[in-house]
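The values are calculated or read from the model by the stated rules, or taken from the named source; none is laboratory data. Because the structure is a prediction, the values reported are computed rather than measured. Here the Cβ is made from the backbone with ideal geometry for all residues, glycine too, and neighbour counts use every protein chain on show.
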């Protein structure tokens, strides 16, 4: 109905007031049937034109007909196609390329990990900005203002939890992205600098996640000097600012300079047809665009649903610098660092070397500077230099660079080794390895920990201990001799007592000879109970400690999971 | 999947997100929007109460570490050292009136904890002077710790008892002399031992100084009663030490311990030192004091 000729006329300058003027002049003909038809036609045309103008203003140039064609999956109507112009002329859309190589858009190839990294980073920026309205970055006010966000601000807990969840997912997705790019060989030339920028982004991500875990001024804040303001500025300004700049550079190189890497098997296929088909271009609009919108809709729903119904950010007690909890809290993505400080693998080997061979490397190796600073920096340098080392290795053997797995067995093996290494040292970094505290302390720590201990894996609830989980209402006042509760029970409280008793008995050989346990629950204040676990044993030698006591307080309302 | 279907499924998910947000809005704002019964607690209120409850737990823990030595484990006071806290006249305003406090009860407690008492209000009844606990005055407690402590103390309100010790007796006229002048320079064994007399002068330990059992028992008492000020290793650097002036003695100092005879140290532990944070401990009984004394002297090795 709306022909191209007319459309051009509407662009040539015929504006709405003119249309209305024409319409008014036609009102004189209403008496004849012909005139009525003409008025109806003109009215329809005027309204259509106005709507078309409005849609064009909103869609950066598309008319109604083209928007409809776009949604129906029809080819573009207007020529030259506005569908492509919009990707080069409008600010927000010009970030996206007009076309992609067909084989690079396969979900199974990239798993959209880069896309989701950006998605979660945006969620971080939005939720983080909202929280900045309430958070106060001073050691005295930080904890309370965080409590205020959770307990007094409408939607506050949702935002707090969404920030926490998407932070964890961001670290996870960024890690997977790194693994994907490494294993598919996508980091090789010409994308070497893209990889380097990516590693810098990984470091920024870990830095942001760590500074963020400190800001609520919970017990984990004891790792930092009491200057919260600088941590806050790093977390909210410097790290995300640098991140934005680097993301821009990273994304520019991916989308404009080299494109997403093709699947290696297709890129290096001996079959010319396969190679050509892999490089065929597909339009970004509308299919790929709709796919991304769908991903966003699904991810947003999953995030909001998780934050509302499933996962709440753990809340530990406020930091007390005079009182280091055991074990000190540390986020899961840095456990490998603490694992290195504990190190049960290399250090014993070096000690053996010193004692048997006489070469003393242990003294140097076993220092905090080496394990906590120099070694991580070396790792970072190794990661940053990986594509260049890889190219040098190929050059050394006189081989041409190949991304195929079968041509880089050593590289893949090293990658898998690094992955295992991270997993192993993360496990070593968890508090249950090695059990270094005396048995009575360890048992108390298991059932009545000083504080809720963050889980060693992302997004699992913190462990506040069985006594806190049972809570105020489930702890009847009294003194309980655990010896009388040896058998497991269906009820929660007697079963807790028997569990502790079993642990005490198991530890008999480890130092708790004739171990006896008592759990004392006292009414301490209005709605407050005091719970004490006392363990006594026969010491190996006179003068050694023969008892240990641990106390926690539980309020009626303090709902621990 | 075709583009139309993607848009459809995306719309469904967007709708689900909106529904979830509506659930959150009901949880957080149900009562404000007149969508929930007025007597039912909203999820947000439950969260706020949970956090308040945890604040009281934190306060209870802080109280047991910093305050219970002098004010009693359950706020009942330690007769010659410091007054009770779970007392009615604190909560009904009589005590605040007495010291002409015009602010809220909470601010009264805050000022007492953070700034301490520059001058003891009842030196005739209590030997210890309330030190400055707030970090802004050199103490160990941050502002949020102080609020947690206050939340814990205020939670005694319903169980507070009627105690008459300080409401009835008029304040005595202040007499100049040792013990009432705040911060008197009472350092050094020579000054501390001035008042040494019977029954303390020449007193001897009923236990041997190298008995391992006695040392272990002494450590237990020391860890319970003395670490807050003197520190776990006896260096005078316990968490409460920062708030005290004069500072708690460094019990590992060989010179100090050599110039402090055993009977004088026993006298100091039993009777306390006026004008300092050291309270009298004689209520524990002679045996307990000797055990602690033997344990503390094991650090310097001076018998």
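Look at segment B:249-272 and say how many of its residues are surrounded by fewer than 22 Cβ atoms within 10 Å (Cβ to Cβ) and assigned to a loop (DSSP other than H, G, I, E, B).
6
The conditions are (1) more than 14 Å from chain B (Cβ to nearest Cβ); (2) touching a strand residue (DSSP E or B) at 6+ places or on another chain (Cβ under 8 Å), and residue A:549 fails exactly one of them. Which is it?
With (1) more than 14 Å from chain B (Cβ to nearest Cβ); (2) touching a strand residue (DSSP E or B) at 6+ places or on another chain (Cβ under 8 Å) applied to residue A:549, the lone miss is (1).
Consider residue B:54 carefully, then state whether it is in contact with a strand residue (DSSP E or B) (Cβ under 9 Å, 6 or more places away or on another chain), in a helix (DSSP H, G or I) and within 14 Å of chain A (Cβ to nearest Cβ). Before you say what the answer is, go through the steps one by one.
Working: in contact with a strand residue (DSSP E or B) (Cβ under 9 Å, 6 or more places away or on another chain): yes; in a helix (DSSP H, G or I): yes; within 14 Å of chain A (Cβ to nearest Cβ): yes.
So residue B:54 fits the description; yes.
Quick check on segment B:66-86. Is at least one of its residues part of a helix (DSSP H, G or I), within 7 Å of chain A (Cβ to nearest Cβ) and in contact with a strand residue (DSSP E or B) (Cβ under 6 Å, 6 or more places away or on another chain)?
There is no residue in segment B:66-86 that is part of a helix (DSSP H, G or I), within 7 Å of chain A (Cβ to nearest Cβ) and in contact with a strand residue (DSSP E or B) (Cβ under 6 Å, 6 or more places away or on another chain).
Quick one: which of A:474, A:543, A:515, A:511 is surrounded by fewer than 22 Cβ atoms within 10 Å (Cβ to Cβ), modelled with pLDDT under 90 and more than 14 Å from chain B (Cβ to nearest Cβ)?
A:511
Kindly evaluate residue A:137 against the criterion of being over 20 Å from the mean Cα position of the chain (by Cα), within 14 Å of another protein chain (Cβ to nearest Cβ) and crowded, with 19+ Cβ neighbours inside 10 Å.
In short, yes.
Looking at (1) touching a residue at least 40 places away in the same chain (Cβ under 8 Å); (2) assigned to a helix (DSSP H, G or I), which one does residue A:480 not meet, given that it meets all the others?
Of the numbered conditions (1) touching a residue at least 40 places away in the same chain (Cβ under 8 Å); (2) assigned to a helix (DSSP H, G or I), the odd one out for residue A:480 is (2).
For segment A:284-293, indicate whether the set of residues that are over 28 Å from residue A:60 (Cα atoms), over 20 Å from the mean Cα position of the chain (by Cα) and away from every other protein chain (no Cβ under 11 Å) is non-empty.
Within segment A:284-293, none of the residues are over 28 Å from residue A:60 (Cα atoms), over 20 Å from the mean Cα position of the chain (by Cα) and away from every other protein chain (no Cβ under 11 Å).
Output the residues belonging to segment A:552-561 that are more than 7 Å from chain B (Cβ to nearest Cβ) and assigned to a strand (DSSP E or B).
A:552
Under 8 Å between Cβ atoms, which residue pairs at least 6 apart in sequence (or on different chains) link something in segment A:141-153 that is more than 9 Å from chain B (Cβ to nearest Cβ) with a partner that is in a helix (DSSP H, G or I)?
Close Cβ pairs (under 8 Å, with a partner that is in a helix (DSSP H, G or I)) amount to A:146/A:160; A:149/A:131; A:149/A:156; A:149/A:157; A:149/A:159; A:149/A:160.
Could you identify the single residue in B:46, B:62 that is surrounded by 17 or more Cβ atoms within 10 Å (Cβ to Cβ), part of a helix (DSSP H, G or I) and at the interface with chain A (Cβ under 9 Å from one of its Cβ atoms)?
B:62
Looking only at segment A:338-370, how many residues end up being closer than 30 Å to residue A:456 by Cα and assigned to a loop (DSSP other than H, G, I, E, B)?
Residues meeting the conditions: 5.
Check A:221, A:209, A:167, A:186 and return the single one that is over 21 Å from the mean Cα position of the chain (by Cα) and either outside any helix (DSSP H, G or I) or touching a residue at least 12 places away in the same chain (Cβ under 8 Å) (or both).
Residue meeting the stated conditions: A:186.
Between residues in segment B:98-120 that are over 23 Å from residue B:63 (Cα atoms) and residues that are not in a loop (DSSP other than H, G, I, E, B), which pairs lie under 6 Å by C-beta distance while being six or more apart or on different chains?
Between residues of segment B:98-120 that are over 23 Å from residue B:63 (Cα atoms) and residues that are not in a loop (DSSP other than H, G, I, E, B), the close pairs are B:101/B:108.
Of everything in segment A:516-546, what is part of a strand (DSSP E or B) and without any contact (Cβ under 8 Å) to a residue 12 or more places away in the chain? Give them in sequence order. Lay out the reasoning, then the answer.
Restricting attention to segment A:516-546, the residues satisfying the condition of being part of a strand (DSSP E or B) are A:516-525, A:528-536.
Answer for segment A:516-546, where residues must be part of a strand (DSSP E or B) and without any contact (Cβ under 8 Å) to a residue 12 or more places away in the chain: just A:525.
To keep it simple, each residue is scored yes or no on (1) buried (at least 16 other Cβ atoms within 10 Å of the Cβ); (2) assigned to a helix (DSSP H, G or I); (3) at pLDDT 90 or above; (4) on the phi < 0 side of the Ramachandran plot.
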| position | (1), (2), (3), (4) |
| --- | --- |
| A:390 | yes, yes, yes, yes |
| A:431 | yes, no, no, yes |
| A:434 | no, no, no, yes |
| A:441 | no, yes, no, yes |
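One residue is enough: does segment A:406-425 have a residue meeting the conditions in a loop (DSSP other than H, G, I, E, B) and more than 31 Å from the chain's Cα centre (by Cα)?
No - not one qualifying residue is present in segment A:406-425.
Being surrounded by 13 or more Cβ atoms within 10 Å (Cβ to Cβ) and free of Cβ contacts under 8 Å to residues at least 12 places away in the same chain is the filter; apply it to segment A:350-373 and report the residue that is nearest to residue A:425 (Cα to Cα).
It comes out as A:370.
Whether any residue in segment B:51-64 is free of Cβ contacts under 8 Å to residues at least 40 places away in the same chain and touching a helix residue (DSSP H, G or I) at 6+ places or on another chain (Cβ under 8 Å) is what I want to check.
Taking segment B:51-64 first, the residues free of Cβ contacts under 8 Å to residues at least 40 places away in the same chain are B:51, B:53-54, B:57, B:61, B:64.
Subset that is touching a helix residue (DSSP H, G or I) at 6+ places or on another chain (Cβ under 8 Å): B:51.
Yes, segment B:51-64 contains a residue that is free of Cβ contacts under 8 Å to residues at least 40 places away in the same chain and touching a helix residue (DSSP H, G or I) at 6+ places or on another chain (Cβ under 8 Å).
When you look at residue A:204, is it more than 14 Å from chain B (Cβ to nearest Cβ), modelled with pLDDT of 95 or more, surrounded by fewer than 19 Cβ atoms within 10 Å (Cβ to Cβ) and more than 29 Å from residue B:43 (Cα to Cα), yes or no? Give the derivation first.
Working: more than 14 Å from chain B (Cβ to nearest Cβ): yes; modelled with pLDDT of 95 or more: yes; surrounded by fewer than 19 Cβ atoms within 10 Å (Cβ to Cβ): no; more than 29 Å from residue B:43 (Cα to Cα): yes.
Considered against the rule, which asks whether it is more than 14 Å from chain B (Cβ to nearest Cβ), modelled with pLDDT of 95 or more, surrounded by fewer than 19 Cβ atoms within 10 Å (Cβ to Cβ) and more than 29 Å from residue B:43 (Cα to Cα), residue A:204 comes out as no.
Please determine whether any residue of segment B:16-33 is without any contact (Cβ under 8 Å) to a residue 12 or more places away in the chain, on the phi > 0 side of the Ramachandran plot and either more than 7 Å from chain A (Cβ to nearest Cβ) or part of a loop (DSSP other than H, G, I, E, B) (or both).
Initial filter on segment B:16-33 (without any contact (Cβ under 8 Å) to a residue 12 or more places away in the chain): B:16-26, B:31-33.
Subset that is on the phi > 0 side of the Ramachandran plot: none.
Taking every residue of segment B:16-33 in turn, none turns out to be without any contact (Cβ under 8 Å) to a residue 12 or more places away in the chain, on the phi > 0 side of the Ramachandran plot and either more than 7 Å from chain A (Cβ to nearest Cβ) or part of a loop (DSSP other than H, G, I, E, B) (or both).
What about residue A:394, is it surrounded by 15 or more Cβ atoms within 10 Å (Cβ to Cβ) and within 30 Å of residue A:166 (Cα to Cα)?
Criteria not met by residue A:394.
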